[in-house]
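Notes follow the structure.
FYI, it's all coordinate maths here, none of it is from the lab. Since we're looking at a predicted model, the values are computed, not measured. For neighbour counting, all protein chains shown are included, and Cβ atoms are generated from backbone atoms with ideal geometry for every residue, glycine included.
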There are 2 protein chains.
Amino acid sequence: MGANIKDVAKFAGVSPSTVSRVIHDNSRISQATKERVRNAMVELGYVPNAAASSLAGRTPRTLGLVLPNNPGELFKNPFFINAMRGISVYAQARGYFLLYSFSRDEEDEIQFIRNYINSGWVSGVILLAARKDDRCVDYLKLSDFPFVLIGHAADPLTTCWVDNDNFQAMYQVVTYLLEKGHRKIGFLGGPETFRVTQDRYNGYIQALKGRGFPLEEELVFMGDDFTEDSGMKGGKEILGSIMPDAIATTDDQLAFGLLKYMEENGIEGIAVTGFNNTVRGIYQRPGLTSVDVNADLLGERAAELLINLLETDESERQNLSPNHYFVETKLIPRETA
Amino acid sequence: MGANIKDVAKFAGVSPSTVSRVIHDNSRISQATKERVRNAMVELGYVPNAAASSLAGRTPRTLGLVLPNNPGELFKNPFFINAMRGISVYAQARGYFLLYSFSRDEEDEIQFIRNYINSGWVSGVILLAARKDDRCVDYLKLSDFPFVLIGHAADPLTTCWVDNDNFQAMYQVVTYLLEKGHRKIGFLGGPETFRVTQDRYNGYIQALKGRGFPLEEELVFMGDDFTEDSGMKGGKEILGSIMPDAIATTDDQLAFGLLKYMEENGIEGIAVTGFNNTVRGIYQRPGLTSVDVNADLLGERAAELLINLLETDESERQNLSPNHYFVETKLIPRETA
DNA sequence: CTGTTAGCGCTTTCAC
DNA sequence: GTGAAAGCGCTAACAG
């Protein structure tokens, strides 16, 4: 490997500690010395040894990502790769490395986090797929280790997180449908227990109320999961009694199932919207109107939040502002609505 | 942070050096001691400090991935996320961390590699998107830094690499088409200068020859890139004179362009195949017959090759076998063929 | 403003 | 088979 701090010190005619101070831009070093040392660094092609720096007490400039390992989801939904890219763009600009790992299950994830922390290789964690009652969150809090969540935090005041404004996003969808002239709008959601389902449902309700339309319980269905099957089941339920003229779903997969049910039963003329703007929705005919959750920006913001947290003194972290970001969504109109 | 080597030593009633030897499974430690130390490690939840280990002379158990930052490609083609997952599965099993970074351009990539190397944070590099005359490869060779390539190596003897057998893959496609009764089969490829184009073209030629069918130059077209536009252009060229009854393309995007051209010009009844098994191809109607390149396994193999290389003594690396893997492809028949 | 010194956690001779 | 001790490259008191 290349030159070390001693070489630089010798070359510049100063002590290693001075070089170290220059590296971290310590204010008590004279301009002249800084210049000389920086010259030496360039001259020798010096890059600080991250391991040594980290060992000696600096927090390692590396973040660890925790990803779910759901092949299907990863494949259909570009969310993760986009979020990873967003994180990468920001972190790289701030000089941070990124570690990633796909986990089979929650147990696995905790294991990784433990390794991240104890290896001393990582100074903060980004969770890309928070569940309800996420044990990873508990573990990180217990370990008092800096982290940020992409998604809704169970305890939004004491956790750093980024998320879409899901209420707003669905409000927008329903408003859009109303403006297109739809009057009887159904709602097809994921599991009720999920915060994201609740938020989007509330957005749906408020959008209707805001325009003076009644909420019709028969047009609302929450599935057991986010699969096509649940979408089909939802279609069966919602399209049973009163006929809606549009259905807003909280997930593209649900929408695909719904469309499939409609096709199989010869039901036509009902507008459908999804969430996540997945590849299939773009290319199928008719194209699926969907909400782009802006995964890239979610990633960037998450990285920003975490790095700011890390670079804030321990003592001032309490009143760090902000501890979260809302990232705007974007409705992408296509043929289904 | 958790327990350190001293804590473990004390707990097990041995010296730190003994613990270190147990960690690395040194053969001169008695079974009894090993057992006792391992117990202590579990008991205390000990995880070795990677920074310290690395500082003290061990090569850091971390690999660095270099990814292209092409949003479109990343989005349409699940190759990268799958390859990353494959790498992750294997590397984790061997106890390696993974660093990733998306780069804007070649300049960027070299910069990252430099950082990877000089920071002492990384002991090997995986290149996921090798270009022709890749400067990253040159740089890594010049630095004498271990790396492996996913894709074709310019110098396959002195480089570690994994790739599909592209000749074989296209041979299979054409044989499949012949067996389905197609007789006039066209070829629509990417840029001629790419090795992958050449290999697949040769597979095409040999498959025809093997069955005694003539190669008709008019049915062959190589585009300037791998875009839909090139696919449309290819359609125009190939479907101009002699009418083929099937066209094998080297990329789903080309196939989409070709299908679009056919649709716009009312041409029907021509079988079409693609490569990469992208999401759009799966969900469009008719579904695109395509070749799955097995990105997951490409990733796993790449990680395996690199880790084996790293764990081989410097002196024995010359005669390391193997220095490459061919990963089988899988033809996925759908409606277009 | 700058240098000296001790030490981060681990590995590795060198002893025994 | 195991322990003692030196040192990897860097940082952070503590001096001055």
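General remarks:
- When chain A is treated as a Gaussian network with alpha carbon springs shorter than 10 Å, the biggest mean-square fluctuation among A:Thr249, A:Thr159, A:Thr193 belongs to A:Thr193.
- Flagged links, alpha-carbon separation over 27 Å, of B:Lys76/B:Lys233; A:Lys184/A:Lys233; B:Lys76/B:Lys209; B:Lys184/B:Lys330; B:Lys180/B:Lys330; A:Lys184/A:Lys236: B:Lys76/B:Lys209
- Considering only A:Ile5, A:Asn26, A:Val42, and ranking their Cα positions along the charge dipole of region A:1-45 that arises from unit charges at the beta-carbon of Lys, Arg, Asp and Glu, the one farthest toward the positive end is A:Asn26.
- Using only side-chain charges placed at the Cβ, +1 for Lys and Arg and -1 for Asp and Glu, the dipole size of the protein assembly as shown relative to its Cα centre rounds to 1740 debye.
- Within straight-line reach of B:Lys141, meaning a Cα separation under 26 Å, sit the following lysines at least 8 residues removed in sequence or on another chain: B:Lys132.
- Charge dipole of region A:8-147 (Cα centre as origin; +1 on each Lys and Arg Cβ, -1 on each Asp and Glu Cβ, all else neutral): 700 debye, rounded to the nearest 20.
- For the protein assembly as shown, the Stokes-Einstein estimate of translational diffusion at 10 °C and a viscosity of 1.306 mPa s comes to 57 µm²/s, using the Kirkwood hydrodynamic radius over alpha-carbon pairs.
- Per-residue ellipticity at 222 nm, computed for chain A from helices alone with -39500 (n - 2.57) per DSSP H run of at least four residues, works out to -14000 deg cm²/dmol.
- C-alpha center-to-center spacing [region A:138-217, region A:86-137] in angstrom: 25
- In straight-distance terms, cross-link reach from A:Lys34 covers every one of the lysines whose alpha-carbon lies under 30 Å from its own, apart from those fewer than eight places away in the same chain; here that gives A:Lys6, A:Lys10.
- Förster radius 22 Å - calculated FRET efficiency between B:Lys260 and B:Glu73 (Cβ-Cβ, nearest 0.05): 0.70
- Kirkwood analysis of region A:180-219, using all unique Cα-Cα pairs, places the hydrodynamic radius at 10.8 Å.
- Exposure proxy ranking, count of Cβ atoms within 10 Å, fewest first, for A:Val14, B:Val22: A:Val14, B:Val22
- Among the trypsin sites (Lys or Arg not before Pro) within region B:12-87, those in coil by DSSP and having at most 12 neighbouring Cβ atoms inside 10 Å are B:Arg28.
- 0 to 90° range, to nearest 10: angle between helix B:106-118 axis and chain B longest Cα axis: 20
- A quarter of the convex hull surface defined by the alpha-carbon atoms of region B:1-149 gives 10.8 nm² as the mean projection.
- The same position A:Glu218 in the other copies lies at 6.4 nm from this copy, comparing label points 7 Å beyond Cα toward the beta-carbon, shortest first.
- Each listed q (0.12, 0.17, 0.24, 0.25 Å⁻¹) maps to a log10 I(q)/I(0) for region A:120-208 from the Debye sum over equal C-alpha point scatterers, namely -0.48, -0.75, -1.13, -1.19.
- Each copy carries a label point for B:Lys34 at 7 Å from Cα along the beta-carbon vector; from one copy to the others these points are 5.5 nm apart, nearest first.
- Legend: mean number of C-beta atoms from other chains within 10 angstrom of residue C-beta atoms, peptide A:102-108, equals 2.
- Taking 7 Å steps out from each Cα toward its Cβ at A:Arg114 and B:Asp224 produces label points 5.7 nm apart.
- Rounded to 10°, Cα long-axis angle of helix B:166-179 versus longest principal axis of chain B: 40
- Highest-fluctuation residue, A:Gly266, A:Gly235, A:Gly64 considered, GNM on chain A with Cα pairs under 10 Å: A:Gly266
- Cα long-axis angle, helix A:31-44 against chain A (0 to 90 degrees, to the nearest 10): 80
- Convex hull projection area averaged over all views, region B:166-292, Cα basis, nm²: 6.7
- Signed unit charges on C-beta, dipole axis of region B:215-337, positive-most listed residue B:Gly223, B:Pro286, B:Ile307: B:Pro286
- Taken over the Cα atoms of region A:5-48, the convex hull encloses 56 Å³ per residue.
- At 0.890 mPa s and 25 °C, Stokes D of chain A from Kirkwood alpha-carbon radius, µm² per second: 109
- Which of B:Gly240, B:Ala271, B:Leu258, positive extreme of dipole for region B:174-302 (C-beta unit charges): B:Ala271
- Given charges at beta-carbon only (K, R positive; D, E negative), |dipole| of chain B in Debye: 1400
- Copy-to-copy label separations for A:Pro286, where each label sits 7 Å from Cα toward Cβ, in nm and ascending: 2.5
- Partner shielding of A:281-287 amounts to 3, given as the average count of beta-carbon atoms from other chains within 10 Å of each residue beta-carbon.
- Treating r as the C-beta distance of A:Asp25 and B:Asn202 and R0 as 45 Å, the FRET efficiency rounds to 0.20.
- For region B:144-236, applying the loop criterion from DSSP together with a ceiling of 11 other beta carbons within 10 Å to the GluC sites (Glu not before Pro) yields B:Glu192.
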